[in-house]
Every structure is written in structure tokens, then in C-alpha cells.
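> Quick one: this structure, given as C-alpha cells, is what I'll be asking you about.
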Amino acid sequence: MVACFDQTMVPKVSVGPILYYWPKLQLEQFYQQIADSSATVVYLGETVCSKRREFSFADYLRTAQMLQEAGKQVVLSGLTLLESQADLRALQQLTTQGQFMVEANDLGTAHYLSSQQLPFVGGAALSLYNEQSVLKLWQLGMRRWVVPVELSRDWLQTLLSQPALDSIRQQLEIEVFAYGHLPLAWSGRCFTARSENRHKDDCQLCCIKYPTGRLSTSQEGQPLFVLNGIQTQSGAKYNLQNDLHSMQGLVNYVRLSPDPDEFMAKLSQFSHGVASPLRANEVNGYWHRLAGFNQHGPSIE
Amino acid sequence: MDSSRSRTYTEAHELLTKAVTKSAAPLLELLCPAGSMPALKAAIHEGADAVYVGINNDTNARHFAGLNFTPEQLKDAVQFTHQAKRKLHVAINTFAHPGQLIRWQRTIDIAVAAGADVLILADIALLEYTQNRYPDTEVHLSVQASATNLAALEFYQQFGIRRAVLPRVLTLQQVRALARQTTLELEVFAFGSLCIMAEGRCYLSSYLTGESPNTAGACSPAAFVRWQEQAGQLESRLNNVLIDRFNVDETAGYPTLCKGRFDVDSERYHVLEEPTSLNTLELLPLLHREGIASLKIEGRQRSPAYVRALTKVWRAAIDNVKAAPDKFQTQESWQAVLTGLSEGSQTTLGAYHRHWK
């Protein structure tokens with residue numbers, strides 16, 4: 001990873017791992033489009049549920065190769081909630097592939113990578129909230145940090161300006177989740193299977209029927225959460241499209257989380273710094289130190 | 001890939017996964033919650049082996065008004081506990097805010113100076129501080145650190161922890177596998193409110209209120225709760241979001257947001273989880289066999305009467321299983337007490353039982 005930081009730089013676009021369960025053909029078509037897009041970084045891998053296997057590990061490696069040849073910087077993303085022995089075996093495969101950088105979404109992954117002195121990306125679900133814990137992860141090899149989704153610009157700014165980080169600030173890259181339904185929680189339980197009255201053991205991989213997850217609303221019809229297997233996401237889409245100016249000199253990459261709707265158009269807008277009033281189902285509260293589901297600033301409706 | 005690196009890695013991994021024997025570890029310690037001196041005394045009187053508390057600021061995950069101990073009260077708590085030859089654990093398990101580490105560090109200093117036996121920590125920065133500053137202090141990894149696998153436990157072992165509290169997302173088989181592989185003592189949740197998400201990685205509360213367990217030490221904070229009567233029904237709201245509506249014949253539970261009744265398409269149900277409490281009483285022989293060091297009772301926010309009743313039942317049950325593990329049977333009177341003290345008068349084995357998932 002090139003470790004440089006330009007204070008005047010506008011954040012570059014990264015494509016996050018696909019959080020939903022899509023059929024193989026859809027995955028292949030999506031990444032063909034990404035190969036031709038203006039994205040700088042692409043994260044590949046299953047981060048939610050180990051039972052999802054439309055893409056095998058070999059498929060991911062092949063796709064990573066294809067994207068790299070198209071000029072993208074590729075990072076392989078690991079599972080967030082690692083529980084079983086099988087999960088750890090898959091983790092070993094991921095962390096010893098020796099070709100692509102890995103995004104650690106669990107400290108167990110960070111541990112495997114640091115044991116091999118490999119640099120890594122620290123994912124948003126690692127609980128790093130202050131300068132000292134960020135510094136510790138830096139010492140263990142974290143070269144890019146994806147900030148926890150619930151943190152605000154103020155929190156990030158305060159954290160990065162602490163003297164403890166003076167010596168590494170120029171080398172540590174910062175990434176912010178900036179578009180898509182926010183990953184908010186992971187459980188032992190599968191909520192998509194539950195929504196179909198099934199246990200997780202008998203899930204029949206039913207999440208493949210919901211390429212954008214299943215929306216759950218309050219009894220008053222307010223969108224609250226999106227059910228995505230064991231993951232619970234925000235009911236609204238997070239969108240920091242209008243906040244890119246406030247990231248200059250602070251954030252290197254904005255992460256866009258893939259969806260099947262208008263993703264390529266959004267990717268282009270983010271790449272070109274195009275502002276656009278938020279829609280009714282879009283929010284940006286966290287970045288503005290508000291509850292995540294709040295909208296700050298102008299909106300369409 | 002550098003082959004010497006991968007060899008070192010494999011060796012490390014083998015070492016990691018090798019079965020180990022633990023020496024001098026406690027077995028099925030009864031660890032009870034206390035949000036106040038009366039609750040602490042109730043727990044000790046009824047036979048808790050250890051009690052865990054928090055200090056009255058936002059450094060712990062039960063940062064509620066009127067709860068927890070002042071530094072002075074903490075000294076009294078230590079004295080009382082030690083006189084009874086029991087142990088006091090202090091939870092300092094939120095994550096320090098940037099530029100404010102000193103506040104969390106001072107809280108650690110206060111707990112150590114008061115004579116606490118154990119610190120329960122989650123933040124890497126605080127684990128590191130304690131290791132450097134108080135290398136002789138026993139540290140347990142809080143459930144908020146979200147260590148759900150052997151690799152994560154190994155990660156945290158660099159900070160000299162002695163025990164880890166396991167998140168409530170693992171099945172019994174997974175707990176068993178960890179118990180057989182790790183050199184750490186393991187603590188599991190035995191009873192109380194059930195977090196169904198991997199603790200320490202749940203931002204549902206801040207999504208709706210701006211405050212989360214990690215940033216503010218509270219989930220679905222009381223300041224955001226509102227109750228109102230509407231057309232003969234009782235509504236519970238969190239930051240104005242409707243969490244549930246109750247008929248007159250229903251028990252209205254606290255609007256913890258993951259326990260609300262929401263809609264998915266045309267179906268209305270408890271989308272994430274019912275209001276229910278975790279109850280592992282029937283798993284005691286298995287937890288005993290696997291050498292689980294400690295059973296944690298959730299509920300620092302509960303009353304002294306609650307703590308007293310629970311402690312009594314769990315003391316009897318643990319003594320029973322230790323005396324004759326093969327003959328252990330849960331008693332109806334125990335279950336009746338536990339069910340009566342549960343959310344929505346319902347209990348569950350939670351993730352320990354595969355079918356819950």
C-alpha cells in the first residue's frame with residue numbers, strides 16, 4: 001500500500017464487500033462493471049455468513065486477480081463473527097494466501113495477520129475508539145483503518161489529532177463507510193431464517209431471495225432495520241455524498257456498500273464529488289454527531 | 001509467501017489449538033451483579049463467590065442514573081467483600097473516548113487503590129495501561145471485547161488477561177470447543193437479560209438514540225424512553241420510535257430496541273428477539289464438566305431483592321451440581337423463582353441451544 005497522505009486530497013472511492021447473498025452470475029456481472037468503474041479500491045469476500053458459498057475462495061481469488069489487472073487495489077475481507085473451528089480454518093486459508101492484503105473484521109484475524117508480520121486493513125467492526133488502541137493496532141500491522149460506523153467527524157478529528165498518533169498520522173490511511181445500509185450488529189441468530197420461521201440450521205440459504213435484505217419497519221411504518229442473515233443493518237441508507245468536503249485532509253477513502261439498484265450511478269457521483277439532496281430513505285446522522293437515523297442538512301422530501 | 005513465516009505461523013497455530021490443562025482455576029464460581037451496597041450485601045449473604053460492580057461514571061456498560069459505586073463506596077464494598085472472604089470485580093468496560101483516556105485510567109487507578117480483586121476490561125488501550133501500570137492485577141476480558149473464537153482469545157492474551165467472558169452468541173458446542181483449547185479461564189453468562197447480538201459490536205442503540213454501550217455505557221438509554229396510552233393500548237417509544245404496543249392483558253417490557261415488535265412485509269412479530277431472559281440452569285452439569293470457571297448473573301441494574309432471590313437459587317444449584325454432577329436435576333422451585341424474575345416471565349437457553357438460532 002502506498003503510504004502517503006495529501007492534506008488537500010478528496011477521498012477516493014472504495015467498493016465495500018457485498019454484504020448480501022447474491023447468485024454467482026450476479027456477482028460476476030457486478031465485478032465486471034466494477035472493473036470498468038472509477039473505483040480505486042475493491043474489497044472482496046463474505047463478511048456476514050460462512051454458509052454463503054456462491055463464490056468459492058478460488059472464485060474470489062480469480063476475481064481479485066481480474067480486478068487487479070484492471071488497475072484496482074484489491075483487499076480480501078474476512079468474516080466478522082468467527083465462531084467455529086471451520087471458520088478458523090477458512091481464516092487460515094484467507095490469511096496465508098500471500099497475494100492480497102486482508103481486511104480484518106475480527107481481532108482474531110488481526111492476530112493471524114500480525115503473527116505473520118503482514119500489513120492489514122482494520123475493519124469497522126473492530127472496537128477502536130481512541131488513539132491508544134489505534135496506535136496498538138498500527139504496531140501490529142494495521143495500515144488502513146475503517147472507522148466504526150457510529151463515530152462522528154468530530155470524534156475522528158479529535159482522535160487523529162492526538163499527539164500519540166503524531167508519528168504515524170501521515171502513514172495511517174483512514175476509510176469511512178459513506179454509502180449503503182450500515183452494518184449495525186451481528187448475532188448468533190439468523191434473522192432472515194427467523195423471518196421465514198426457520199432455524200439457522202435449516203435456513204436453506206433463504207437470504208439469496210433477498211438481494212437487498214428484508215426491511216423491518218415499526219408498527220407505524222417507519223423503516224428501522226434491514227435483516228441480512230445474522231447481520232442487522234440500518235433501515236435507511238447512509239449517504240455522506242454531501243459531506244465529502246468535510247473529509248478533506250482527514251479521510252483517504254469513502255466506502256460504498258454494493259446494492260443492486262443504482263450503485264454504479266452513485267459510485268460515479270462519489271468519484272466526481274457530486275452533491276445531491278438526501279432522499280427520504282437516506283440518513284447521515286452519525287457523521288454529524290447525531291443518532292444514526294437522523295438526517296442533517298437539505299433533503300428532497 | 002515467505003516459507004519461514006508460514007512455518008512459524010503453523011507452529012503457533014498448533015500450539016494454540018493444543019488441548020491444555022488449567023491449574024488452580026476456580027470451577028463454577030457464582031459471580032453476581034450489584035448496582036448498590038444493598039445488592040452487594042444481598043449477594044454475599046446468599047453465597048455469591050464474587051460480585052461485580054461499576055464505578056458511577058460512563059466507564060462501565062451499566063451507566064444508569066442512581067446506579068453504581070462512588071470511589072468511597074467502592075472501598076466499603078471491597079472491605080465488606082473481603083471480610084466475607086469473597087472477591088470483588090470492577091467492570092471498566094466501555095471504550096475510552098479520544099483525548100480522554102485519562103478519565104478511564106483514573107477509574108482503573110481508583111479500583112486498584114480500593115483493593116478490587118479483578119478488573120473487567122474491554123478496551124485495548126485500557127488492557128495495555130493496566131498491564132504496564134499494574135502487572136499484578138488480575139484482569140478479565142469483558143464480554144464487550146467480543147472475543148468469540150480461539151484466535152481472538154489468543155490476541156487478547158498478549159495483554160496478560162487471565163479470564164475471558166464469552167459473548168452470548170456461541171452454541172454450547174462452541175463454548176465446549178473453546179474450553180478444551182484455550183489456556184484462559186472462561187466465564188459464561190448463566191442468567192439474565194439476553195443480548196442477542198455479539199456484544200461490543202452492536203450499534204443499534206446509537207442508530208436510534210446516538211448513544212450505544214460502547215460510546216455511552218448504555219443500550220436503549222432510559223432518557224429516550226417514553227410511555228403513552230393510545231386507544232386503550234400502552235405504547236413504548238425510544239427516541240420517539242415506536243418499539244411496541246401492549247394490550248391491557250400483556251406485560252409491558254422495557255423498550256430495549258432489539259426486543260420490539262416490528263413488521264416484516266405483512267407479518268408483525270418480535271423480529272429480533274422476544275422479551276425473555278437467558279436461563280442456563282439445565283446446562284449446569286455440562287458447564288461443570290467443561291471446567292467453566294465462572295457463571296455470570298446479569299443485572300447490575302436490578303434491585304437487591306432480585307439479586308438476593310437469584311443468588312439463593314444459583315448457590316443451591318451450583319452446590320448441587322458440584323456435589324453430584326451426574327445426578328443433577330433442576331428443581332421445580334428453582335425454575336419457578338427464575339421464571340418469575342425473567343423478562344416477560346419467559347426464559348430461553350439462547351444461543352447455547354442450536355434451535356434458538
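Every number in this text was worked out from the coordinates using simple rules, so none of it is lab data. On a predicted model such as this, the values are computed, not experimentally measured, just so you know. Because the Cβ atoms are built from the backbone with ideal geometry, glycine has one as well, and the counts that use them run over all protein chains shown.
> By a straight-distance test (C-alpha under 27 Å), which lysines pair with residue B:87 as possible cross-link partners, with residues fewer than eight away in the same chain excluded?
Output for residue B:87: B:22, B:41, B:75, B:296, B:312, B:322.
> Which FRET efficiency value, to the nearest 0.05, is calculated for residue B:230 and residue A:279 with the Förster distance at 45 angstrom and r the Cβ-Cβ distance?
It comes out at approximately 0.95.
> Using modelled backbone amide H atoms (1.01 Å from N, in-plane), which distant-in-sequence or interchain residues come within less than 5 Å of residue A:168's amide H?
For residue A:168, whose amide H was placed from the backbone, there are no distant partners under 5 Å.
> Now a separate question. Over chain B, what is the relative contact order in whole percent, taking alpha-carbon pairs under 8 Å and six or more residues apart?
Over chain B, the number comes to 20 percent.
> Something else about it: If you count the DSSP beta bridges with both ends in the protein assembly as shown, what percent of them are antiparallel, to the nearest 5?
35 percent
> With charges set only on the Cβ (+1 for Lys and Arg, -1 for Asp and Glu), what does the dipole of segment B:209-270 come to about its Cα centre, in debye to the nearest 20?
Roughly 180 debye for segment B:209-270.
> Can you find, among A:157, A:174, A:141, the residue sitting farthest towards the positive end of the charge dipole of segment A:136-178, where Lys and Arg contribute +1 and Asp and Glu -1 at Cβ?
Selected residue: A:141.
> Let me ask something else about it. Which of the lysines could a cross-linker span from residue A:266 if the Cα-Cα distance has to be under 27 Å and same-chain partners fewer than 8 positions apart are dropped?
Within the straight-line cut-off, residue A:266 pairs with A:12, A:24, A:72, A:209, A:237.
> Would you mind checking the tilt of helix B:101-114 against the longest principal axis of the Cα atoms of chain B, expressed as 0 to 90 degrees and rounded to 10?
80 degrees
> What's the center-to-center distance, using Cα atoms, between segment A:26-87 and segment B:268-308 in Å?
Going from one Cα centre to the other spans 39 Å.
> Considering only DSSP beta bridges where both residues belong to chain B, give the percentage that are antiparallel (nearest 5).
Taking every DSSP beta bridge within chain B, about 35 percent pair in antiparallel fashion.
> To the nearest 20 debye, what is the magnitude of the charge dipole of the protein assembly as shown about its Cα centre, counting +1 on the Cβ of each Lys and Arg and -1 on the Cβ of each Asp and Glu?
960 debye
> I'd like the mean, over residues of A:137-150, of how many other protein chain beta carbons sit within 10 Å of each residue's own Cβ.
Working: counts 1, 0, 0, 3, 0, 0, 0, 0, 0, 0, 0, 7, 3, 11.
Per residue, the average neighbour count from other chains is 2.
> To the nearest whole number, what is the average tally of beta carbon atoms from other chains within 10 Å of the beta carbons of peptide B:122-129?
Numbers: counts 1, 6, 13, 10, 3, 2, 4, 1.
Averaged over the peptide's residues, the number is 5.
> Considering only DSSP beta bridges whose two residues both sit in chain A, what percent are antiparallel, to the nearest 5?
Of those bridges, close to 35 percent are antiparallel.
> Can you tell me the orientation of helix B:3-17 relative to chain B, as the angle in degrees between its alpha-carbon axis and the longest Cα principal axis, to the nearest 10?
Between helix and principal axis, roughly 60 degrees.
> Now for a different question. Size of the dipole of chain A about the Cα centre, Lys and Arg at +1 and Asp and Glu at -1 on the beta carbon, nothing else charged, in debye to 20? Can you show the working numbers first?
Working: 24 positive and 27 negative charges, 68 e Å.
Using only the charged Cβ atoms, the result is roughly 320 debye.
> Now a separate question. If you count, for each residue, the other Cβ atoms within 10 Å and average over each peptide, how do B:281-293, B:34-46, B:228-240 line up from highest to lowest?
B:34-46, B:281-293, B:228-240
> Residue by residue, what Karplus-based ³J(HN,Hα) values in Hz, rounded to whole numbers, does segment B:175-180 have, using 6.51, -1.76 and 1.60 with θ = phi - 60° and x for Gly and Pro?
Computed from phi, the couplings for segment B:175-180 are 4, 4, 4, 5, 4, 7 Hz.
> While we're looking at this one, here's another question. I'd like the mean, over residues of A:95-102, of how many other protein chain beta carbons sit within 10 Å of each residue's own Cβ.
2
> For a distance above 43 Å, tell me the whole-number percent of Cα pairs in the protein assembly as shown that qualify. Before the final figure, lay out the partial values.
On the way: 41703 of 216153 pairs.
Every Cα pair in the protein assembly as shown considered, those over 43 Å come to 19 percent.
> List the aspartates and glutamates whose Cα sits under 15 Å from the Cα of residue B:85, skipping any in the same chain fewer than 8 residues away.
B:29, B:46, B:49, B:76, B:117
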